[in-house]
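First up is the structure itself, then whatever we jot down about it.
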Amino acid sequence: MQISDKPILFLDVDGVISPLSHRDPEEYPPIFEEERIGEPWPMYLAKIHREWLKDLSTHYELVWGSTWVDIGFKNINTFLELPELPFVDFPDREKPLWKLKAVAEYAGERPFVWIDDDISSGAFRWARQRDVPVLLIKPKKIEGLLEKHYRKALKFAKNLEIERGEVSLP
């Protein structure tokens, strides 16, 4: 369900909003803290993501691009102080490029950023050939969403706004 004509920002959960590793959580970047948000297991989340996602939401339609479907989003939305967000359904998990197919269909002809720790090389090849602007950001699973990823997505949005004539250069 698309609700805007803004570019889309697809966000994964595991490996992006919350680092994903079987390592000691002490190895996670210091912005992440253990949080109990109603899930049966602790999650490692970053309060700074609230600020970053609020800022990005002024430039993008935020959409969950995660296999969590809508099961755990309510608690994550509450922690991140986000409204209920739409999500991409991934019905073809057994097919090659299964996430890409669903993300591309959802986006249609709109520009988008996709932040996911599990973006395939095939998705990067597809993105280079796409006529509409797209930015794929692949954080390391153990690091999750960091400031450098936020800044890259913000810069992409601002460049799109300049191209579309929505912002004038000083």
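The values are calculated or read from the model by the stated rules, or taken from the named source; none is laboratory data. Owing to the predicted nature of the structure, the values given are computational and were not obtained by experimental measurement. When we count neighbours, we look across all protein chains shown, and the Cβ atoms used for this are built from the backbone with ideal geometry, even at glycine. Just the protein is used for accessible areas: all its heavy atoms, side chains included, with ligands, DNA and RNA removed. Shrake-Rupley method; radii C 1.70, N 1.55, O 1.52, S 1.80 Å.
Quick notes on this one:
- Any chance GLU61 is open to solvent by 80 Å² or more (accessible area, probe 1.4 Å), modelled with pLDDT of 90 or more and closer than 29 Å to ARG164 by Cβ: no
- Applying the criterion of at least 3 residues that are more than 15 Å from the chain's Cα centre (by Cα) and among the polar types (S, T, N, Q) to the helices (runs of 4 or more DSSP H) found wholly in the range 73-159 leaves an empty list.
- Entry remark, the range 125-140: residues being open to solvent by less than 90 Å² (accessible area, probe 1.4 Å) and not hydrophobic (A, V, I, L, M, F, W, C) number 3 in total.
- Cross-chain or 6+ apart pairs with Cβ under 9 Å, the range 70-82 first and modelled with pLDDT under 75, then of a type outside the set (A, V, I, L, M, F, W, C) and surrounded by fewer than 19 Cβ atoms within 10 Å (Cβ to Cβ): ASP70/GLU84; GLY72/GLY38; GLY72/GLU39; PHE73/GLU84
- The residues in the range 31-55 that are among the basic types (Lys, Arg) and surrounded by fewer than 12 Cβ atoms within 10 Å (Cβ to Cβ) can be counted, and the count is 1.
- Where a residue in the range 24-44 is closer than 15 Å to PHE73 by Cα and its partner, wherever it lies, is modelled with pLDDT of 85 or more and open to solvent by less than 90 Å² (accessible area, probe 1.4 Å), with Cβ under 6 Å and at least six apart: GLU35/LEU45; ILE37/PHE79; MET43/SER18; TYR44/SER18; TYR44/PRO19; TYR44/TYR28; TYR44/PHE32
- Search result, residues across the range 1-30 that are assigned to a loop (DSSP other than H, G, I, E, B), surrounded by 13 or more Cβ atoms within 10 Å (Cβ to Cβ) and modelled with pLDDT of 80 or more: LYS6, PRO7, ASP12, VAL13, GLY15, VAL16, ILE17, PRO19, LEU20, TYR28, PRO29
- Any hit, the range 33-46, residues being assigned to a loop (DSSP other than H, G, I, E, B), of a type outside the set (A, V, I, L, M, F, W, C) and at pLDDT 90 or above: no
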